[in-house]
1. For region 335-355, state whether one or more residues are in contact (Cβ under 8 Å) with a residue 60 or more places away in the chain and in contact with a Lys or Arg (Cβ under 6 Å, 6 or more places away or on another chain).
2. Looking only at region 676-695, filter to residues that are more than 10 Å from the ligand (Cβ to nearest atom) and in contact with a Leu (Cβ under 7 Å, 6 or more places away or on another chain); which one of those is farthest from residue 769 (Cα to Cα)?
3. Does residue 481 satisfy the criteria of being more than 30 Å from residue 245 (Cα to Cα), in contact with a His (Cβ under 6 Å, 6 or more places away or on another chain) and modelled with pLDDT of 80 or more?
4. Identify, by number, the condition in (1) closer than 22 Å to residue 531 by Cα; (2) more than 10 Å from the ligand (Cβ to nearest atom); (3) in contact with a His (Cβ under 8 Å, 6 or more places away or on another chain); (4) not basic (Lys, Arg) that residue 575 doesn't meet.
5. Among the strands (runs of 3 or more DSSP E) confined wholly to region 287-341, which include 3 or more residues that are crowded, with 21+ Cβ neighbours inside 10 Å and at pLDDT 95 or above?
6. Within region 648-674, take every residue that is within 16 Å of the ligand (Cβ to nearest atom), hydrophobic (A, V, I, L, M, F, W, C) and modelled with pLDDT under 95 and give me the one that is farthest from residue 705 (Cα to Cα).
Amino acid sequence: MLPLTFSSYFWAACQAVSQRIRCHHYEKVLQDCLATASITVHKKKITPGVGHLSVSSGIAVFEDNYIRLYKMHCIREINLDSWTSYTPSQCTTESAGAGYSNIFVLIEAQHIVNEDIFETHADIKLHVLALGQPVAWKTTDHFNMIMSCRLSELVQMVDAYGQDNLYLDENLEIKAFSTIHPLGSPQTLNGCKDSVVSKNTNNPSNSAEANDGSFSHTSIPNFCMNTEQIPHKHKMEKTSKPPNILVYCGADENSSRMYASVKSSLELCVNTDVYIIYHLSHVEMLSSPWVDNTALLLLSSCTQLLPEVEEKIKDYVFKAKGILLSFNTSIESSFSQKILDQSKDASQLFTFRFDNSHTIQCLQSGSFFCDIQGNSEIIVSYPGKKHTHDSSFGASRVIGSSLGQEKALIVKSKLDGGGTVVLSQLILEKDPAHAAVDPSSFIALKSSNTGRLLALKHILASLGMDVSPKATPNLTPSYLLSQNQDLRHKFLSSVTKKLEEKSRVKTDHLCLTFVEKFDPSKQVAENLLPVITEEGSRRGEWLEGFDEPDYWGHLDTSSLGQIVLYTDVITSTMHVFEQILFSLPHSLGPVAIAGRQTSGRGRGGNMWLSPKGCAMFTFPLSFDVDSEIGQRIPFLQHLVSTAVVHGIRTSSCYENLDLRLKWPNDIYYGKNMKLGGVIVTSTVMGSRIYATIGCGVNVANSDPTICINDIIQLSNRSSNSKETSGARPMPLLTPAGVIARTLSTLEKFLVDFEKHGHTHFCEIYYKYWLHG
Ligand SMILES: O=C(O)CCCC[C@@H]1SC[C@@H]2NC(=O)N[C@@H]21
């Protein structure tokens, strides 16, 4: 025993000493930099599948085996006007969140969706909230929180983060944090402004020690599964908030993943300018007064509900006259007779027709409704044992009591004196392909994904939900991003030569205006795109859709892609280089990247659906007419699409990912599932050919069709189910990572093409070519 005790003491002592040494280093760097610049902290070890969120635009000033500290060019300012305050809802200037200390930290966390890949935090040591006071929070695709803390706490935070011991919530992964300077005032939950954040931050009377208890952790919105704002937890004006769609997915640990899938479908069906979609966690289902402001309660992925949950739901439907949409849960037996069909296999695909035009395949539960009472409507009838293909959707009928013999798969009932329920035995609320293991059912289900969404939309409309399209998102300014100062200057001086007046470049479609900082009160218009040139002025606000570290981490080129014009929301990247096309030095390879496009262009005059998660980029290239490629310009489109596929499939882990090329330049999975494509326009001027190449690849946008990450997940699931020993799951890809891999591969292809002609390239092209 003795040696063991001694060695464990010795080990613990060594650990303590190395921690002290680490912390000493961190403290020194932080002390040196904090007064003049923001510091961003990244972990050295990157969790596979999820890239960093924060923008490391600064220079690395410190690194050890665990973390890397970047010093920004200035102090990063964040305007908290659009954030939510952590202080209680009453407007008080005495909030304890302020003045707690003089360092503000932005913590960026991402929801863990793919639990197959990520391990949960087994070794929880230090909760973020133990290291300061939360000030404000905001959720978008990810969760952002601003904390106020002391230097010693920040040092502890850095250390715990580097040691994988910093914890926020079981479903949140901290990706990075940075020191910032807050401006403006976050909103309190009752709509008041919390005036404290930008005020005196050194006032000891406001410190945590002096906290009178008016700000306690119980007043902080829980980091519930999806960590989104749950306003019904706080008393608020009924009229002041948009109605909520609440999604309950049971008490299971998978519930947040299920919710993410339902949310993604709902967002494509309802008008998200009108509703806010929330995850109703199990705890909240039982404890929160969630009925207020609930426009719809949707139940998914929880076949057997607990009796106390059923009671809550019945109260909502009967007493509050609520609207319920249930997908195969036990509550359905309270409204209709539900029978399990022993002869049917639940995993069997069910085929039905929608609107007489779409044939949709989806998953069914294996049960059906019968003895359907008056005041009900059959939305999809049950075809019985023999028929599986004759159900049609949309031709709903009101059933009188005499027709109680009818059987149904989806039924809608208006309850006497109560609310309305739609009960469904077809799984339409989430993409069922996410659970498929074998490629054939995956393809069948994915091919029906758009039809499934149409059917879901139909049900929602029948419940009186607003399913009109959401307003087009506001256009945002662009950022000029580069890690190469020489190229950056070369680019700026070449384009500014073109400026007519006040940094303005005129094009037929789009005027670029190069500005150091962007004034958010100014409009970005369809024909006017401000490009922010100053590196330090990045607030991350319009960089949400771009994983910059993943981009630079995978970019291996001498020029192509070294200058990035990134725009979160743009009309189409195809317009960005229109005017400057002929004045760009040939050695520059700028690329315009978009987070979303409002008028994406496809080949042949088609529209290109351009949601978040799709890699969308355009870049100009020019060649001598006498060059190898100049002589064979139609090859350009093949070079680009092959670069997309080859770039991914030559990255470690992704060799067997079944991405292919279909004539002329489409990127495919299977024979029928298009994942991306290329559009090329070219002009000859004198002895040069100027081409503009646009490429769109569905990387992380599962709905409404299919994306590469769907295939990665399918592949991970099927190798898991085969228990292939040692097979590493493939990390999910980001659009930025795919663009960088493509440009890196393309640059090499072009060099090779010039040296050796087209023969070598054709070999690669045919390797991925989809025959027949
Ligand atoms: O139709 C195709 O297959 C080609 C689609 C190309 C879409 C890309 S997305 C980025 C760039 N901007 C556009 O508006 N179109 C291209």
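1. No, region 335-355 has no match at all.
2. Step one: of region 676-695, the residues more than 10 Å from the ligand (Cβ to nearest atom) are 681-691.
Cutting the leftovers down to in contact with a Leu (Cβ under 7 Å, 6 or more places away or on another chain) gives us 690-691.
Numbers: 690: 27, 691: 24 Å.
The extreme case among them is 690.
3. Values: more than 30 Å from residue 245 (Cα to Cα): yes; in contact with a His (Cβ under 6 Å, 6 or more places away or on another chain): no; modelled with pLDDT of 80 or more: yes.
So residue 481 fails the test.
4. Unmet for residue 575, out of (1) closer than 22 Å to residue 531 by Cα; (2) more than 10 Å from the ligand (Cβ to nearest atom); (3) in contact with a His (Cβ under 8 Å, 6 or more places away or on another chain); (4) not basic (Lys, Arg): (2).
5. Working: elements: 294-299, 323-327, 337-340.
In region 287-341, 294-299, 323-327 are the strands (runs of 3 or more DSSP E) which contain 3 or more residues that are crowded, with 21+ Cβ neighbours inside 10 Å and at pLDDT 95 or above.
6. Just the residues of region 648-674 that are within 16 Å of the ligand (Cβ to nearest atom), to begin with: 659-669, 672-674.
When the remaining residues are screened for being hydrophobic (A, V, I, L, M, F, W, C), the result is 659, 661, 663, 667, 673.
Still in the list and also modelled with pLDDT under 95: 663, 673.
Values: 663: 20, 673: 9 Å.
Only one residue fits best here, namely 663.
Table: residues versus (1) touching a Cys at 6+ places or on another chain (Cβ under 6 Å); (2) at pLDDT below 90; (3) of a type in the set (Asp, Glu); (4) not in a loop (DSSP other than H, G, I, E, B).
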site	(1), (2), (3), (4)
405	no, yes, no, no
418	no, yes, no, no
444	no, yes, no, yes
457	yes, no, no, yes
466	no, no, yes, no
488	no, no, no, yes
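Yes/no matrix, rows are residues, columns are (1) within 17 Å of residue 594 (Cβ to Cβ); (2) within 16 Å of the ligand (Cβ to nearest atom); (3) crowded, with 20+ Cβ neighbours inside 10 Å; (4) modelled with pLDDT of 95 or more:
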position	(1), (2), (3), (4)
703	no, no, yes, no
714	no, no, yes, no
745	no, no, yes, yes
751	no, no, no, yes
767	no, no, no, no
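The values are calculated or read from the model by the stated rules, or taken from the named source; none is laboratory data. Computed from a predicted structure; not experimentally measured. Please note: Cβ atoms are built from the backbone with ideal geometry, for glycine as well, and neighbour counts cover all protein chains shown.
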